[in-house]
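Asker: Following this message is one structure expressed as C-alpha cells.
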Amino acid sequence: MTKTVLVSGASGFIGSHVAAKLAEDGYRVRAMTRHPEKYDGAGEPVAADVSDPASLREAFTGVDVAYYLIHSLGSDDFEQRDADAARSFAEAAANAGVERIVYLGGLGADGGELSAHLRSRREVEEILRSGPVPVTVLRAAVVIGHGGISWEMTRQLAERLPAMVTPRWVNTRTQPIALPDAVRYLVGVLEPAEARGQTYEIGGPEVLRYIDMLQRVARIRGARLPNVTVPLLTPRLSSAWLKFVTDVDSATARNLVDSMTTEVVVRDDAITRVVPGAPMSYDDAVRLALADRERVAR
C-alpha cells in the first residue's frame, strides 16, 4: 500500500527537494504550504500553517508519515515560534494517528554549550518526542545547495570580497553536507523499522573550518581569498558586517553567526548502516550548487 507523506515546508529549500524525491520514489506526497495557490512543486498542495493549529487537522487526514522541515530563523522571537509550532505539529500528528515524524535538526554535542539557534533545534526535538508518535531525527550542519541560506551567505562572501577581515568564528570546525545527500538520508529513514525513534548525525566526508569553506569556493571559481582574522570582531558586529556584504537579512545573519561559534561535527556514523552510500565531497557539492544556480538563472 502506497504511503501518504506530509511534507511541511514543501516550498522551502530542503522541503521542496524532499517532496520531489518522495514523489519520484512513488509515495503519495501532500505538500503543506501556506499558499497552495502559488505552489508548483511535487505532490498535492494542502493549505496549513503551524501557527494555526486548526488548519493542521485537514492537512494530516490520512497521513502515514510527516516531515517537519520548518523553522523561524528570520525572526527575533524564533525560539518561541518554533516551540509553539512544534507543539501544534506534534499534537496534530498524534490526533491523526501518524506512524512517524521525521525531523531535520542541527548538529552539536549533547550537553555542550549551544547557540540559541541550536538550542531551539534541540527543544523542537524534545517537543516532537513528547507526544506518542515516534520521531526520527537527523542532525546536520551546513547544507550545501542552491537556495540554502547558509550556502548563499558562503557563496556571496567568496564571490564579492577580494579579501576578508574575519572574526574568530571562521576557525570553528563544521561538517557540511551536500543537498542530495541530506535529501537521500531524510528519505532513506522513512521505511526502516530500526530508524523509528532514533537520532542520526549526518555530514559530508570532510571536517572544515568556515574559512576553509570560503577559500575553497573562491578557488573553484578561479580566485583567491586572502584572510586576516580580527579577534575583536564580535558575533554581533560580524552579523552587521554580513548584512552589508550579503543579501541575508539582519535577524537571520545574527542567528546564523551565533551558531558559527559552536563546533558542529559528526561523532556517530550510525546513519551509514541504515542508509548506505558514500557522501559527496565538499568541492563537488559546491560545483553542483553553482551549476544549479546558473541553470535556474537561465
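Asker: Enumerate the whole-percent occupancy of each 5 Å bin, from 0 to the last occupied one, for all C-alpha pair distances of the range 6-52.
Answerer: 5, 29, 35, 21, 8, 2, 0
Asker: Under the rule a/c < 1.5 gives rounded, and otherwise a/b versus b/c splits prolate from oblate, where does the range 97-153 land using the Cα gyration tensor? Don't skip to the end; give the middle numbers.
Answerer: On the way: a/c = 2.81, a/b = 1.44, b/c = 1.96.
Taking the square roots of the gyration eigenvalues as a ≥ b ≥ c, the range 97-153 is oblate.
Asker: Between S51 and E37, 0.36 nm times their residue separation minus their Cα-Cα distance comes to what? Write out the running numbers ahead of the final one.
Answerer: Values: separation 14, 0.36 × 14 = 5.04 nm, distance 1.90 nm.
Fully extending the segment from S51 to E37 adds 3.1 nm.
Asker: How big is the Rg/Rh ratio for the range 40-143, C-alpha atoms only, Rh by Kirkwood, two decimals? Working shown, then result.
Answerer: Values: Rg = 13.8 Å, Rh = 14.3 Å.
Reported Rg/Rh, Kirkwood definition of Rh: 0.97.
Asker: Over all pairs of distinct alpha carbons, what does the Kirkwood formula give as the hydrodynamic radius of the range 140-222, in Å? Provide the component values of the computation, followed by the final result.
Answerer: Values: mean 1/r = 0.0701 Å⁻¹.
After inverting the pairwise mean of 1/r, the radius is 14.3 Å.
Asker: Report the extension gain between A83 and D292 in nm, rounded to one decimal, defined as 0.36 nm multiplied by the number of residues separating them, less their alpha carbon distance. Show your work: numbers first, answer last.
Answerer: Details: separation 209, 0.36 × 209 = 75.24 nm, distance 3.34 nm.
The span from A83 to D292 would gain 71.9 nm if fully extended.
Asker: Defining a contact as two alpha carbons under 8 Å apart and six or more residues distant in sequence, what relative contact order in percent does the range 86-141 show?
Answerer: Details: 65 pairs, mean separation 30.8, N = 56.
Relative CO of the range 86-141 lands at 55 percent.
Asker: On to the next question. In square nanometres, what is one fourth of the surface area of the convex hull spanned by the alpha carbons of the range 1-83?
Answerer: Convex hull of Cα atoms, orientation-averaged projection: 5.5 nm².
Asker: Using the C-alpha atoms of the range 80-196, what convex hull volume per residue, in cubic angstrom, is computed? Numbers along the way, then the final one.
Answerer: Values: hull volume 16.1 nm³, N = 117.
About 138 Å³ per residue, rounded to a whole number.
Asker: I need L56, L190 ordered by Cβ neighbour count within 10 Å, fewest first. It would help to have the intermediate numbers written out before the result.
Answerer: Numbers: L56 24, L190 20.
Placing the least packed residue first, the sequence is L190, L56.
Asker: For the range 122-214, calculate the relative contact order in percent as a whole number, restricting contacts to Cα pairs under 8 Å that are 6 or more residues apart. Don't jump to the answer; show the numbers that get you there.
Answerer: Details: 104 pairs, mean separation 39.1, N = 93.
Here the relative contact order equals 42 percent.
Readers should treat all values here as calculations from the given coordinates under stated rules, not as data from a laboratory. Because the structure is a prediction, the values reported are computed rather than measured. Heads up, the Cβs are rebuilt from the backbone with ideal geometry, glycines too, and the neighbour counts pull from every protein chain shown.
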